[in-house]
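The values are calculated or read from the model by the stated rules, or taken from the named source; none is laboratory data. Nothing here was measured: the structure is a model prediction, and the numbers come from that model. Cβ atoms come from the backbone with ideal geometry, glycine included; neighbour counts cover every protein chain shown.
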Amino acid sequence: MTALPEGRGGVLKAIARLAPGPDLLRLTEVCRHLHSALGVARVRLTLSDGREFSWPGPQAPSASQGPKAGYRVPVTACTTTMGVLSVERHGRLTRRHRRLLADAAGVLGPVLHNTMINAELQRSLESARGHAERVAATRRRALGERDAEREAIERNLHDGAQHHLVALGMMLGLLELQVVQGNPAGVQSQLQRLRAGLALTEKSLLTVAAGDGQLLGDAGVAAALEAEFRDAGAQVNLDASQWCPERRYESIVEQAVYFICLEAVNNARKHAAGAPVWVRLAEGPAGLSFCVADAGPGIPPGALETSTGVANMRRRVLAVGGRLQVRTAPGGGTTVLGFIPR
């Protein structure tokens, strides 16, 4: 325990130096200084919020027994009552002691007032800091959601709308051939197919913008794929004999199967133009399986690891807890096998 200062001036300076922090624990030390300087039984400081500090402590017996007189002095600052400083003493306080107690209360008032202001400022600062952190977290979350949405749109454009764009390119090639051959009937037929393809492409783009395919959402995977491959003629063959159209699955699962099959067919039509493509959908007790195979030239060595389309397919199937396998060999075609457990 530190030595106590002597004299009225020393006590007041010591009290002023004991500016309490936010927890106000040093106010007990103030009571100890006054207790020693006044020679009283107990010094108590009761704040306006009900907190109390004393020396000796509230559980400790006072130095002497017997009846005691009380003396109370308000502690104020800027007309605001901060608390009450009181003492217990045998007999009356001397004029010198009363003046010391009043001066101590006068010193404590501004100290407590500043402490309360600092505590309030600290609380406001912490509240502002917490608000800023919440705003920053919300902003980061919004940016993450925006990036995820952008990536989803990019994948859907690549896996869905691109299929129609490839088909349009092939139709234009056939139209050019009919023009070169001077076949008016063939030109007219290809123009009709081209107009229908443009309408389907527009519909696909609107579907991506809306975030879901209406036919896929209404009728399911088999019906949506059948509509997509309807204009492909004999090049794309869809086998859904082992797929129950009445049974539906979560939207994310159906979208995964739908877009993976579209991407695989699109890759086959781009890199194996004219080669037949087979798509098979099947349901079993363990889950859903799908297969897309073509009779094209296969994927060159090393190209499989850098293929954006294959990476998109893998991300989609992993997102629903499934697995994907791509088998290919030069001159042996390419087969995409997928499975999603129930």
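The table below lists the values:
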quantity	calculated
Number of the exception - LEU177 against (1) modelled with pLDDT of 75 or more; (2) under 21 Å from VAL292 (Cβ atoms); (3) part of a helix (DSSP H, G or I)	(2)
Any strands (runs of 3 or more DSSP E) falling wholly within the stretch 231-342 and containing at least 3 residues that are within 38 Å of the chain's Cα centre (by Cα)	277-283, 287-294, 323-328, 334-341
Odd one out for ARG248 among (1) surrounded by 18 or more Cβ atoms within 10 Å (Cβ to Cβ); (2) closer than 21 Å to ALA219 by Cα; (3) among the basic types (Lys, Arg)	(1)
Residue under evaluation GLY322, criteria (1) in contact (Cβ under 8 Å) with a residue 60 or more places away in the chain; (2) out of contact with any strand residue (DSSP E or B) (no Cβ under 6 Å at 6 or more places or on another chain), criterion not met	(2)
Conditions (1) surrounded by fewer than 15 Cβ atoms within 10 Å (Cβ to Cβ); (2) hydroxyl-bearing (Ser, Thr, Tyr); (3) out of contact with any helix residue (DSSP H, G or I) (no Cβ under 9 Å at 6 or more places or on another chain); number of the one not met by SER289	(1)
Single condition CYS78 does not satisfy, out of (1) at pLDDT 80 or above; (2) not assigned by TED's automatic domain parsing to the domain that holds THR46	(2)
Residue identified as at pLDDT 70 or above and either under 30 Å from SER241 (Cα atoms) or part of a loop (DSSP other than H, G, I, E, B) (or both) among ALA185, ALA224	ALA224
